[in-house]
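Colleague: Below are the structure tokens for one structure; questions will follow.
The values are calculated or read from the model by the stated rules, or taken from the named source; none is laboratory data. These numbers were taken from a predicted model, which means no experiment stands behind them. Neighbour counts are summed over all protein chains in view; Cβ atoms, including those assigned to glycine, are modelled from backbone coordinates with ideal geometry. The accessibility values were calculated without ligands, DNA or RNA, using every heavy atom of the protein model including side chains. Shrake-Rupley method; radii C 1.70, N 1.55, O 1.52, S 1.80 Å.
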Amino acid sequence: MTRFLLHLLALTFGGRAAQACQLALVLAVDVSGSVDAREYDIQMQGLAAALQDGTVVDALIEQEAQVTLIQWTGSSRQRQTVPWTRIRTDRDVAQLAEAIAQNRRVWRNYSTAIGEALVAAEQALADVPDCKRKIVDVSGDGISNEGVLPATRHPALRALDVTVNALAIETDEADLTGWFYENLILGEDAFVITADGFEDYPAQIRRKLQRETTRQLSRLDNVITR
């Protein structure tokens, strides 16, 4: 084998290795008591469909992303129900989407402990320490009313260079979008997207995943509504 070919192979495989796991994405989904069975199903089916959006699929494959799902509700009730899945092919994405679409609900009728969800996400991220970019994607329909406050977890997450984005599912006049903006999101490029009720969730989670997986170079407002 010529020196030129050896050099070419080194560049090819060296470059491939350098690109391994550019993104670790934690999908943290609200299953508190305010979410009924129909709304839970909307979240899971909407999330599964959003992951199969062409833009999202291409971004996940290109970055050899690691993706996991956490169901969260009240204090001490958070569980990683879909394990870390490395994305290298379309088939990997399809299998992940199917696992999420079929993911059975763990809890019902408990409170909303968003700070505890961040703790669970931080613990999950410890299993993928080599991923270059770490994002926690929190969706929910209410403010935290139990457990540690989300902001108390920010120093530890900041030390790990974790970005926290949020999808606020607005169901009343509480201005959840504003609360998420002030108390939950973290990081220079962090943002909140608003869904106008659960029926709007599928469209907005698609927009959210498109933005956070492609890591757009142009800066956008960090609160996005319809």
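Colleague: Take the stretch 124-175 and flag every residue that is among the small types (Gly, Ala, Ser) and in contact (Cβ under 8 Å) with a residue 60 or more places away in the chain.
Modeller: ALA124, SER139, GLY140, GLY142, GLY147
Colleague: Just the residues that are in a strand (DSSP E or B) and either free of Cβ contacts under 8 Å to residues at least 12 places away in the same chain or closer than 22 Å to SER144 by Cα (or both), please, taken from the stretch 78-94.
Modeller: GLN78, ARG79, GLN80, THR81 - these are the residues of the stretch 78-94 that are in a strand (DSSP E or B) and either free of Cβ contacts under 8 Å to residues at least 12 places away in the same chain or closer than 22 Å to SER144 by Cα (or both).
Colleague: Could you say which residue among ARG91, ARG104, ARG86, ARG108 is surrounded by fewer than 20 Cβ atoms within 10 Å (Cβ to Cβ) and under 15 Å from the mean Cα position of the chain (by Cα)?
Modeller: Within the list ARG91, ARG104, ARG86, ARG108, the selection yields ARG86.
Colleague: If you don't mind, another one. Considering only residues that are touching a residue at least 24 places away in the same chain (Cβ under 8 Å) and assigned to a loop (DSSP other than H, G, I, E, B), look in the stretch 36-62 and name the one that is most open to solvent (accessible area, probe 1.4 Å).
Modeller: GLN52
Colleague: Looking for whichever is over 30 Å from ASP58 (Cα atoms) and surrounded by 14 or more Cβ atoms within 10 Å (Cβ to Cβ) here; the options are ASP175, ASP200, ASP189, ASP196. Which one fits?
Modeller: ASP175
Colleague: Give just the number: which of (1) out of contact with any strand residue (DSSP E or B) (no Cβ under 9 Å at 6 or more places or on another chain); (2) over 25 Å from ASP161 (Cβ atoms); (3) open to solvent by less than 30 Å² (accessible area, probe 1.4 Å); (4) not acidic (Asp, Glu) does THR73 not satisfy?
Modeller: With respect to (1) out of contact with any strand residue (DSSP E or B) (no Cβ under 9 Å at 6 or more places or on another chain); (2) over 25 Å from ASP161 (Cβ atoms); (3) open to solvent by less than 30 Å² (accessible area, probe 1.4 Å); (4) not acidic (Asp, Glu), THR73 is out only on (1).
Colleague: Answer yes or no as to whether ARG105 is of a type in the set (D, E, K, R) and in a strand (DSSP E or B).
Modeller: No: the conditions fail for ARG105.
Colleague: Any chance you could count how many residues in the stretch 192-226 are part of a strand (DSSP E or B), at pLDDT 55 or above and within 17 Å of the chain's Cα centre (by Cα)?
Modeller: Of the residues in that region, 5 qualify.
Colleague: Can you name every residue in the stretch 155-172 that is surrounded by fewer than 13 Cβ atoms within 10 Å (Cβ to Cβ) and not hydrophobic (A, V, I, L, M, F, W, C)?
Modeller: If the condition is that a residue be surrounded by fewer than 13 Cβ atoms within 10 Å (Cβ to Cβ) and not hydrophobic (A, V, I, L, M, F, W, C), then PRO155, ASP161, ASP172 are the ones that fit.
Colleague: In addition: If you check ALA17 against the conditions, is it at pLDDT below 95 and in a helix (DSSP H, G or I)?
Modeller: Spelling it out, ALA17 is indeed at pLDDT below 95 and in a helix (DSSP H, G or I).
Colleague: Do we have LEU184 as crowded, with 18+ Cβ neighbours inside 10 Å and not hydroxyl-bearing (Ser, Thr, Tyr) here?
Modeller: For LEU184, the condition - crowded, with 18+ Cβ neighbours inside 10 Å and not hydroxyl-bearing (Ser, Thr, Tyr) - is met.
Colleague: Hey, among the residues in the stretch 120-154 that are aliphatic (A, V, I, L, M) and open to solvent by 40 Å² or more (accessible area, probe 1.4 Å), which one's nearest to ALA166 (Cα to Cα)?
Modeller: Looking at the filtered set, the residue picked out is ILE143.
Colleague: Note down all Cβ pairs under 7 Å where the first residue falls in the stretch 63-77 and is without any contact (Cβ under 8 Å) to a residue 40 or more places away in the chain, the second is of a type outside the set (D, E, K, R) and assigned to a loop (DSSP other than H, G, I, E, B), and they're at least six residues apart or on different chains.
Modeller: Pairs that qualify, where the first residue is without any contact (Cβ under 8 Å) to a residue 40 or more places away in the chain and the partner is of a type outside the set (D, E, K, R) and assigned to a loop (DSSP other than H, G, I, E, B), are ARG77/TRP107; ARG77/TYR110.
Colleague: I'm trying to understand the selection: among the residues of the stretch 109-168, which are in a helix (DSSP H, G or I), over 30 Å from ALA37 (Cβ atoms) and small (Gly, Ala, Ser)?
Modeller: ALA151, ALA156, ALA159
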